[in-house]
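K.L.:
Handing you this structure, nothing more for now.
The values are calculated or read from the model by the stated rules, or taken from the named source; none is laboratory data. Since this is a predicted model, take the numbers as computed values, not measurements. Note that we place each Cβ from the backbone using ideal geometry, even for glycine, and neighbour counts take in every protein chain shown. What goes into the accessible areas is simple: the full protein's heavy atoms, side chains included, and nothing from ligands, DNA or RNA. Shrake-Rupley method; radii C 1.70, N 1.55, O 1.52, S 1.80 Å.
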Amino acid sequence: QVQLVESGGGLVQAGGSLRLSCAVSGIIFSRSHMGWYRQAPGKQREMVAVTTSAGDTNYANSVKDRFIISRDNAKNTVYLQMNSLKPEDTGVYYCNAITSYRDYSTYWGQGTQVSVSS
């Protein structure tokens with residue numbers, strides 16, 4: 001059974017920081033692509049940051065130079081360090097896994113709420 005469990009969300013003032021974590025089980029984490037997506041109220045889910053199994057990273061333009069995605073293959077965990085948070089960063093943040101080593105199946109976590117007050 002594949003599980004992705006996010007944690008670390010909360011309420012923070014603009015300019016503050018949060019670190020999200022996503023603990024993964026049931027897949028070969030080190031050989032999977034991992035990502036963070038978010039969904040604001042009334043909007044579609046969008047990519048925030050992704051990291052491949054090789055360690056390459058890609059970010060949405062809106063979070064470049066503020067957010068950092070990282071992974072710890074020994075702990076089967078992916079992180080999202082969010083700095084200089086803005087009210088427009090508010091939303092539910094979802095962890096995503098793609099099993100790039102086999103059938104490219106996609107898995108999602110349950111989401112964690114991030115709220116940034118102005």
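K.L.:
Hey, what D do you get for the chain in µm²/s if you plug the Kirkwood alpha-carbon radius into Stokes-Einstein at 25 °C and 0.890 mPa s? Mind showing how you got there, number by number?
P.N.:
Numbers: Rh = 14.1 Å.
Answer, rounded: 174 µm²/s.
K.L.:
Across region 95-110, in residue order, what do the Karplus-derived ³J(HN,Hα) couplings come to in whole Hz, using 6.51 cos²θ - 1.76 cosθ + 1.60 with θ = phi - 60° and x for Gly and Pro?
P.N.:
Working through the residues one at a time gives 8, 10, 10, 10, 7, 5, 8, 9, 10, 6, 5, 10, 10, 10, x, 7 Hz.
K.L.:
OK, next. Around residue 16, which amide H atoms from residues at least 5 apart in sequence, or from another chain, sit under 5 Å from its own amide H, with H modelled in the peptide plane?
P.N.:
Residues meeting the amide H criterion: 85.
K.L.:
Express in whole angstrom the spacing between the alpha-carbon centres of region 67-118 and region 28-54.
P.N.:
Cα centres, region 67-118 to region 28-54: 6 Å.
K.L.:
Beta carbons within 10 angstrom, averaged per residue: use that to sort the peptides 74-81, 24-31, highest first. All intermediate terms of the calculation are to be shown ahead of the outcome.
P.N.:
On the way: 74-81: 18.2, 24-31: 15.6.
Order by mean packing, descending: 74-81, 24-31.
K.L.:
Let me know the charge dipole size of the chain about its Cα centre in debye, to the nearest 20, where only the beta-carbon of Lys, Arg (+1) and Asp, Glu (-1) is charged.
P.N.:
Numbers: 11 positive and 8 negative charges, 8 e Å.
It works out to roughly 40 debye.
K.L.:
State the extension gain, in nm to one decimal, for the chain segment bounded by residue 64 and residue 104, taking 0.36 nm per residue of separation less the distance between their alpha-carbons.
P.N.:
On the way: separation 40, 0.36 × 40 = 14.40 nm, distance 2.63 nm.
Length gained, residue 64 through residue 104: 11.8 nm.
K.L.:
Of the beta bridges DSSP finds with both residues in the chain, what % are antiparallel, to the nearest 5? Could the numbers behind the result be given before it?
P.N.:
Details: 38 of 42 bridges.
Around 90 percent antiparallel, to the nearest 5.
K.L.:
With a probe of 1.4 Å, find how much accessible area the chain has per residue, and write the answer as a whole number in Å². Intermediate values should be presented prior to the final figure.
P.N.:
On the way: 6090 Å² over 118 residues.
Value returned for the chain: 52 Å² of accessible area per residue.
K.L.:
Considering only protein heavy atoms and a probe of 1.4 Å, how much of the accessible area of the chain is carbon and sulfur, as a whole percent? All intermediate terms of the calculation are to be shown ahead of the outcome.
P.N.:
Working: 2790 of 6090 Å².
Of all accessible area on the chain, carbon and sulfur atoms account for 46 percent.
K.L.:
Another question, then. Under the Karplus relation 6.51 cos²θ - 1.76 cosθ + 1.60, θ = phi - 60°, what is the ordered set of whole-Hz ³J(HN,Hα) values for region 72-78, x standing for Gly and Pro?
P.N.:
Result, rounded to whole Hz: 10, 5, 6, 9, 6, 9, 10.
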